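Structure record follows, encoded as structure tokens.
Values in this text are rule-based calculations from the coordinates and carry no lab data. In this text the structure is predicted, and so the values were computed from the model without any measurement. No Cβ is skipped: glycine too gets one built from the backbone with ideal geometry, and neighbour counts run over all protein chains shown.
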Amino acid sequence: MSKVYAMIADGTEEVECLAVVDLLRRAGIDTALVSVDGKQIVGSHKIKIQADLTVSETDLSDADLIFLPGGMPGSEHLASCVPLMSAIDKQIKSGKRVAAICAAPAVVLGANGYLRGKKATCFPGFEGGCIGASMDMTARVVTDGNITTSRGPGCAVDLGLELIRLLKGDDVAQKVKAAIQY
């Protein structure tokens, strides 16, 4: 079974996070909400989200995918978490998957050089932070190798379905898509 860690912090964009987590769980993918700011965070629109774990309760090394929702200042909190950034570095270098949406492609991945030479997308206005990436600002979701990026809350379902496809195959993604009437 695939293992996903969805990282959250105060200021995380709720729709981006929870829509993707919901879809992954519908697909039977073991998905945990992991906070870098304590067991309960307050999202960018003041919605409280209860984490399953804190970053100090797991080393993230068994992840098949680390998912980084956007939102501000949530993306900045994720980028400043040393254990998370260390895990992302190991994840990417080992060829395992990382996904980011909205500001997170730029603030977490791009600012640290992980998008260099990759095709990517992000929330409009954050392109400058995607250092060295070839940006596709018309695509809702872009997968290049082991990194998947997406634009914003309106693209969260597309991102979730793409991650299901990558982890469990097109058949499972199509079943979830049909089940949610998308």
| said: Counting other beta carbons within 10 Å of each residue's own, what order do 89, 62 fall into, fewest first? | reply: 62, 89
| query | So which trypsin sites (Lys or Arg not before Pro) in the range 1-109 are both in a DSSP loop and have at most 12 other Cβ atoms within 10 Å of their Cβ? | reply | 46
| Radius 12 Å from Cβ of residue 175, net charge of other residues (Lys, Arg +1; Asp, Glu -1) | +2
| request: Please arrange 56, 44, 2, 150 by counting, for each residue, the other beta carbons lying within 10 Å of its beta carbon, fewest first. | output: 56, 2, 44, 150
| note | In nanometres, the difference between 0.36 nm per residue of separation and the alpha-carbon distance of residue 48 and residue 26 is 5.7 nm
| said: With 10 angstrom as the radius, rank 130, 122, 81 by how many other C-beta atoms surround their C-beta, starting from the fewest. | reply: 81, 130, 122
| Cα-based Lys proximity count in the chain, under 15 Å, for pairs eight or more positions apart or on separate chains | 6
| Tail beyond 26 Å, pair distance distribution of the chain (Cα, percent) | 19
| remark: Residue separation between residue 3 and residue 82 times 0.36 nm, minus their alpha-carbon distance, gives in nm 26.3 nm
| request: For residue 170 paired with residue 59, estimate the spin-label separation in nm (one decimal), with each label point 7 Å from Cα along the Cα-to-Cβ line. | output: 3.8
| What nm value, rounded to one decimal, do you get for the distance between residue 181 and residue 131 when each label is placed 7 Å out toward the C-beta? | 4.6
